[in-house]
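The values are calculated or read from the model by the stated rules, or taken from the named source; none is laboratory data. These numbers were taken from a predicted model, which means no experiment stands behind them. When we count neighbours, we look across all protein chains shown, and the Cβ atoms used for this are built from the backbone with ideal geometry, even at glycine. Side chains are part of the model used for accessible areas, which takes the heavy atoms of the whole protein and leaves out ligands, DNA and RNA. Shrake-Rupley method; radii C 1.70, N 1.55, O 1.52, S 1.80 Å.
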Amino acid sequence: MTPAITASLLYNLVQCPKRVERDLFGDPAERDAVSPFVTMLWQRGTLYEAEVLASCRLTVLDLSSVKDAAEHERLTLEAMRRGEPLIYAGRIQAGGLVGIQDLLRFENGSYVPVDIKSGRAEEGGEDDHDGKPKLHYAVQLALYVDILEQQGLSAGRYGFILDVRGREVRYDLTTARGPKTRLTLWEEYKTALTTAQAIVSKTITPKGALASSCKLCHWYSPCVAGLRADDDLTLIPVLGRAIRDAMFDTIDSVSALAAIDPEAFIQKGKTVFKGVGAERLKTFHARARLLSDPNAKPYLKAPIALPSSEVEFFFDIEVDPLRDFTYLHGIVERRGGDNATERFVAFFTEDESPASERSAFADAISFLNSVPDATIWYYSKYERTIYRKLQERYPEVCSADEIERLFNPARAIDLYNDVVTRATEWPTNDQSIKTLAKYLGFSWRDNNPSGAASIEWFDRWVRERDPAVKARILDYNEDDCRATRVLLDGIRELAS
Ligand code: SF4
């Protein structure tokens, strides 16, 4: 029997079609264990749903305990026909689509889906500015609307996301995600549905593609092994699925790309590959050559001028994006370029209260300003973005101008954007701090170092107050700071 298409299947499809295919037809013995971070996300989602239901002012018909699918559908349909105002965990199905909806709400004589999410309803944008709809949320709402339409019970092509901030955000499925998107959300849903139908009927077998999200996927080990065996183009940093697919019929592997003359594919400053400009093709070609050469070494591709100062701060913060909470500011201080002088200074929030977050932020700012001519090294724009947010949240700690002075490029260097991506090339599959510092011989003390793992540890710290968990968070952050120093020294060696 062909598997039904569900909302979670479409959610996964938007992230990675290969994952859908592997979930349906892959060998379960090959699956990795589910990461503790992903388990934590599920648990938080369930808890948040319970909180929302408990605070609901309307009477909710709860169908979550009905186990038999046919009975579940019958009860949901009956409830909708009699006009129940709010139905929790109703099951609806039509035309090979099945949905177990968080909430079905009676509106305008029919029903509209409402999804409860423990994340933000939109992506992009700032704290107080709206972003745009998330495609993986939109396709789920659209599937429910599609089923309701087929049952003659839809209030219209729209739905709502009730997000972690308690906001109810309307998703109008008849509009596009943003000005640059040609298709409406409904059309994007239909495209995703067609792909899903082709996967469930085995008409197509999608290819995997190495991406940062793979690290949290339970198919990571077999997928990466397969991509390596295929010498897949997505092993090249930043190349990604869309460009791989655009190039694949002409150039199907890293070694094939390494062997080409890029000029042969460039005419009048453009390449024959959709979405790939001439300079990008040359960059991907250079990376393919590095990956294809077992003796390859990193190199500088542009001149760099790295400031030197008596005191250097290697700076890294830890943030729980679901709580929207910054729980650690870590700084490794080095004097005179001598690693023996290194010391780690940490400003940790002992609890998850705003007062604690404010106090750690204030202490970190004060420390960073304590040596005004120290160079601050950090990896990616994230630290600056979060500090701007924290300043808006706690304006009594410092002014916006102080934050801009702190991150003045003459003093604070974003090693990733200002140096690594602009001026260096590495024989690695990505340019994350983990990958590059490991390449240079650095090793983290933890056997599972990642930002996601740290968020899960902080969640445990909040619940259990286990000092060993706190120590793990601090050690991990300290190692991230040291890794930034190792990378800086490695780049200095390239420059010399
Ligand atoms: S590891 Fe990556 S490519 Fe493979 S199924 Fe998961 S997300 Fe897709």
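Name the single residue, out of those in region 400-421 being open to solvent by 10 Å² or more (accessible area, probe 1.4 Å) and charged (D, E, K, R), that is nearest to Lys381 (Cα to Cα).
Result: Asp418.
I need the full set of residues from region 454-480 which are touching a helix residue (DSSP H, G or I) at 6+ places or on another chain (Cβ under 6 Å) and either closer than 15 Å to Ile433 by Cβ or assigned by the TED database to the domain that holds Gln43 (or both), in order please.
Correct list: Ser454, Tyr476.
So, restricting to helices (runs of 4 or more DSSP H) that lie completely within region 146-250, which ones have at least 3 residues that are away from the ligand (no atom under 16 Å from the Cβ)?
Hits in region 146-250: 185-200.
State which residue pairs qualify: first residue in a loop (DSSP other than H, G, I, E, B) and inside region 1-30, second residue within 8 Å of the ligand (Cβ to nearest atom) and of a type in the set (Ser, Thr, Tyr) in any location, beta carbons under 8 Å apart, and separation of 6 or more residues or different chains.
Once the first residue is in a loop (DSSP other than H, G, I, E, B) and sits in region 1-30, its partners that are within 8 Å of the ligand (Cβ to nearest atom) and of a type in the set (Ser, Thr, Tyr) give Cys16/Ser213.
Can you name every residue in region 428-473 that is touching an Asp or Glu at 6+ places or on another chain (Cβ under 6 Å) and either open to solvent by 70 Å² or more (accessible area, probe 1.4 Å) or free of Cβ contacts under 8 Å to residues at least 40 places away in the same chain (or both)?
Trp444, Arg445
With respect to the numbered conditions (1) on the phi < 0 side of the Ramachandran plot; (2) over 21 Å from the mean Cα position of the chain (by Cα), which one is the sole condition not fulfilled by Asp163?
Status for Asp163: all satisfied but (2).
Does at least one position in region 229-252 carry a residue that is at pLDDT 95 or above, charged (D, E, K, R), crowded, with 19+ Cβ neighbours inside 10 Å and in contact with a Leu (Cβ under 6 Å, 6 or more places away or on another chain)?
yes
Would you confirm whether or not region 216-226 contains a residue that is open to solvent by 50 Å² or more (accessible area, probe 1.4 Å), out of contact with any Cys (no Cβ under 8 Å at 6 or more places or on another chain) and at positive phi?
no
Go through region 343-376 residue by residue and tally those that are among the acidic types (Asp, Glu) and over 32 Å from the mean Cα position of the chain (by Cα).
Qualifying residue count, region 343-376: 1.
Residue under question is Glu318, and the condition is that it be among the charged types (D, E, K, R) and part of a strand (DSSP E or B); does it hold?
Against the criterion (among the charged types (D, E, K, R) and part of a strand (DSSP E or B)), Glu318 qualifies.
For Leu193, indicate whether it is more than 21 Å from the chain's Cα centre (by Cα) and in contact (Cβ under 8 Å) with a residue 60 or more places away in the chain.
Taking the combined requirement at face value, the residue satisfies it.
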